[in-house]
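Here is the structure we will look at, set down as structure tokens.
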Amino acid sequence: MNEQDFRKQYAALQESIVATPELKERAYNAAQQTGSQQHRKASTPTKRPTRRESQLVRTRRWIPSLAACLVVGALIAAGTPLVSSLNNSPTIALDEATERCGFAVRAYAADGSAPLNPGTDNIVAFDRDLGYRFQGGDDYQMSGFFTGCLFHVEGEGIARVQANLLSGALYRVTYEDVPTDPDDPRRGELASWKPHARGTGEYYANYDFVAQKQVNGVPKISLAKLMGSTIDIPASDDPGITTGATNFGFWTNEGEVPANSGDDPLSPLIDLFDGEKLTVTVTFNDGSVSTQVIVLHAANFETLTYENGVCLTTQIAPSDEAEGLSTARSLYGIIVEADDSPFPLPLDNANDRADEVLPAMVSPRMNDTFHATTEVDGERVDTILPKEVLVTPNNEISFTYRYEDPNYSGGKLDILSAELTMKEASLVLSDTIPNDKALKDCTSVIHRWLNGLAYMNKCSQEVFGYGYNEDGTLTSADHRYTSTTITVTNHSNAAVPLSPDALYSFVIRNNDGTIEIVHTGYDLDFEATGDVLPSENPLRVTIAPGGTVELTILRVLPNYILANENLILMPNSSDPDTQAFLLGSQ
């Protein structure tokens with residue numbers, strides 16, 4: 001089995017293997033660079049709702065600018081009640097609702113991420129962040145559906161915001177600047193954040209969803225926290241409610257949904273909010289209060305495709321969609337009540353989910369081994385390891401090692417090869433990491449998991465069935481730390497960068513010559529001595545031309561694998577006739 005076949009076989013498992021944050025860091029850096037170059041969507045400043053006093057009656061009035069944000073309500077001249085032609089519902093006009101209440105509920109482009117264009121037919125569209133994804137099934141029941149439909153409250157002298165969503169729950173979204181310092185520890189945590197990592201980490205463990213997005217054309221970190229069906233937030237606790245910097249969105253985990261429906265722009269989950277009521281009450285600094293009640297409806301909206309993604313417009317798509325018309329499903333709302341009444345619902349359950357974090361997604365348990373196959377004439381056949389190629393560990397094995405061109409600077413990536421030899425393979429078992437080294441100081445934890453020790457520990461427990469105690473011991477008595485030492489010589493005239501995690505594989509050879517590849521953990525650490533050249537990549541070992549290194553790699557293996565007399569160390573070579581070390585002979 002050559003390296004190419006091994007990599008093909010290994011790639012087939014990636015759907016069930018948790019990706020380490022190393023690659024996410026690369027994507028994170030690329031996204032940050034792309035975000036700064038992305039099309040900036042300018043917004044025109046708007047006047048905020050203000051209150052005006054008279055001797056006879058106190059009214060609150062807001063005169064919006066021409067480029068005002070869409071508001072949950074009808075953008076019409078005046079008059080109430082009106083009837084929306086979309087649903088025959090009575091509608092209160094924007095100017096009258098704000099005159100009565102002194103505040104506005106801004107919806108589309110609430111975070112400044114898109115142009116502030118009015119909708120049509122006396123309605124307002126909720127923009128929808130299509131970046132919130134889930135897998136459906138059990139994941140939906142645990143993590144729910146973050147719609148990405150955001151709104152915020154805007155007005156002068158806001159002291160408190162109370163709100164209720166009749167079904168589902170509200171989540172709060174705040175923003176912080178993207179860390180640009182390469183040494184900022186938040187970078188690693190952000191790069192590795194995913195629903196699987198929820199509840200782990202030092203900086204973002206208390207958030208339910210973390211993502212990067214554009215706000216007024218500037219890359220920001222979006223931090224979402226589920227609050228509950230009713231929220232009660234004073235400005236003293238969150239000044240963002242007075243400036244519009246804090247947004248709120250709709251969440252649900254009710255009902256059952258098809259798998260991967262969260263990836264569908266026309267996701268039927270949006271329809272769960274159809275007909276729901278959003279009640280928003282504002283308490284002002286002078287003690288006065290006012291309330292708006294908004295009825296939500298679901299519809300398909302036309303979208304525009306940009307170089308870096310898809311943008312929802314405020315135009316509802318025709319029922320008989322034209323060919324090639326791109327659409328996404330989102331919400332719109334109409335104001336049906338607007339007056340000076342206090343919050344009409346109980347507050348005993350307000351913010352009841354603010355102090356808890358949604359359960360993290362769980363990675364599926366992997367088998368300890370997978371059957372090796374090779375592609376022959378377009379078909380997969382069993383990989384056969386002849387008994388004749390097996391040698392004892394004190395022998396020397398010659399093999400061809402393939403690696404990516406270290407001088408790659410763009411264009412086609414060249415795959416280079418070098419002739420190497422490997423000898424003196426040995427295993428040392430231990431209950432703790434050798435040399436009293438702390439797990440947090442291991443190379444893989446630092447550079448592959450970006451110091452995300454808690455996340456790595458969680459993934460290891462779920463995927464491989466063991467974790468790490470604080471004293472460095474393993475949580476499972478059925479596993480041992482395994483230090484594998486080999487001597488490798490570079491017989492080429494060029495320096496060769498080795499990837500220790502891809503240099504060889506442990507396999508179990510069956511009696512018929514077929515093999516099972518062992519995959520029972522992450523490479524944790526390595527040490528190299530000898531003719532080692534400096535490397536910019538801390539996860540690589542560069543051997544000098546003609547040089548020899550002694551390489552020790554730390555992994556975790558199950559006891560039953562270690563005790564198998566057919567345990568083999570097989571170089572990942574492009575030569576199918578490469579020899580392999582029979583470790584069971586030790």
Q) Residues of region 463-473 being assigned to a loop (DSSP other than H, G, I, E, B) and of a type outside the set (D, E), which ones? A) G465, Y466, G467, N469, G472, T473
Q: Go through S476, S492, S505, S460 for me and flag whichever is outside any strand (DSSP E or B), open to solvent by less than 40 Å² (accessible area, probe 1.4 Å) and touching a strand residue (DSSP E or B) at 6+ places or on another chain (Cβ under 6 Å).
A: S492
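Please verify whether R198 is modelled with pLDDT of 90 or more, of a type in the set (D, E, K, R) and farther than 30 Å from A97 by Cβ, treating the condition exactly as stated. Outline the logic, then answer.
On the way: modelled with pLDDT of 90 or more: yes; of a type in the set (D, E, K, R): yes; farther than 30 Å from A97 by Cβ: yes.
Judged against the criteria, R198 is a match.
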Q) When residues of region 396-453 are filtered for being small (G, A, S), open to solvent by less than 40 Å² (accessible area, probe 1.4 Å) and under 23 Å from S492 (Cβ atoms), how many remain? A) 2
Q: Being touching a residue at least 24 places away in the same chain (Cβ under 8 Å), assigned to a loop (DSSP other than H, G, I, E, B) and not aliphatic (A, V, I, L, M) is the filter here, so list the residues in region 194-224 that pass it.
A: K194, R198, G199, T200, G201, N206, Y207, D208, N216, G217
(Q) Under 9 Å between Cβ atoms, which residue pairs at least 6 apart in sequence (or on different chains) link something in region 520-547 that is under 30 Å from Y560 (Cβ atoms) with a partner that is in a loop (DSSP other than H, G, I, E, B) and small (G, A, S)? (A) T520/G465; L539/S499
Q.
Can you report the number of residues in region 534-574 which are surrounded by fewer than 18 Cβ atoms within 10 Å (Cβ to Cβ) and closer than 13 Å to Y504 by Cα?
A. 2
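Could you list all residues from region 521-533 that are open to solvent by 10 Å² or more (accessible area, probe 1.4 Å) and not in a strand (DSSP E or B)? Steps first, answer last, please.
In the first step, residues of region 521-533 are kept if they are open to solvent by 10 Å² or more (accessible area, probe 1.4 Å); the result is 521-523, 525-533.
Scanning region 521-533 gives G521, Y522, D523, D531.
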**Q.** Every residue from region 508-520 that is open to solvent by 10 Å² or more (accessible area, probe 1.4 Å) and either aliphatic (A, V, I, L, M) or on the phi > 0 side of the Ramachandran plot (or both)
**A.** I508, V518
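The values are calculated or read from the model by the stated rules, or taken from the named source; none is laboratory data. Nothing here was measured: the structure is a model prediction, and the numbers come from that model. Neighbour counts are summed over all protein chains in view; Cβ atoms, including those assigned to glycine, are modelled from backbone coordinates with ideal geometry. Please note that ligands, DNA and RNA were not included when accessible areas were found on the heavy atoms of the full protein model with its side chains. Shrake-Rupley method; radii C 1.70, N 1.55, O 1.52, S 1.80 Å.
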